[in-house]
Amino acid sequence: MRWVAWPGVAFSGNAVNTYYMTDGRAVLLAAAAEEFARHGPKGTRIQAIVQRAGVNERMIYHHFGSKDGLYSAVLEAQAHGLVQAWRQIIDTAADLPPYEGMRRVLAGFADLFAARPLLVALTLHEALGGWRTLPLPTADLAPFPKLRELYERGQRQGVFRADCPFELAHGVAMSALVGSAVLAPRGAEVLKAAGLATELGRLRDQIVGQLLDGMTGPPERTD
């Protein structure tokens, strides 16, 4: 069984190889990603997927076993590129001073996730469905150990607050960054109506800055 780390969850590859694919399998995954992102796992029709892909319905069962198997493979395939790219950012940031390293990690995730609108939509559907497809990672396969090491080094050096464990800091950061991507279109409208800047890079930096403020602790009072 193969596991692919994702913030807070883990993917089980089972017998489905989504990275060394035939053309038919790749076409099915691409078509299914569009349909699942639009309608969710319950609202998506097999007929719509095969029509979009231009293949026979039997190909779904041949490659993935079932509609649920296809949905799981779509989630894993969509997240794979993000996970690998983010791991490279974490590996580089792990050697930086804790504050700068964490800033790069959080900003990198925000950019990678926002650049994958299908994954944004799939994540929202998965959350609304109670995370039934994506299991939690096991204790011996915790995702991104270098990220934990970076954060805990910052705690030892007094950069990050000592009263906030990594699990909480990581969970809050992921919730904020994923949520900001989900709400980005509406948020941009709100900001524009208020006469505020809506440039995505600037908004990302503001969100990351607020997250880092939370990790470092409240500012000292001057009164």
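Just so you know, all these numbers are worked out from the coordinates, no wet-lab data involved. What you are looking at is a predicted structure, and each value in this text was computed from that prediction instead of being measured. Note: ideal-geometry Cβ built from the backbone for every residue, glycine included; neighbour counts use all protein chains shown.
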Final fewest-first order of Tyr151, Tyr61 on the 10 Å Cβ neighbour count is Tyr61, Tyr151
Could you give me the ³J(HN,Hα) list for the stretch 53-69, computed from phi with Karplus coefficients 6.51, -1.76, 1.60 and θ = phi - 60°, whole Hz, x at Gly and Pro? 7, x, 10, 6, 4, 4, 5, 4, 6, 5, 8, 10, x, 6, 5, 5, x
Going by how many other beta carbons lie within 10 Å of each one, how would you line up Trp131, Trp86, fewest first? Trp131, Trp86
Can you spot the lysines whose alpha carbon is less than 23 Å from Lys67's alpha carbon? Ignore those fewer than 8 places along the same chain. Lys42
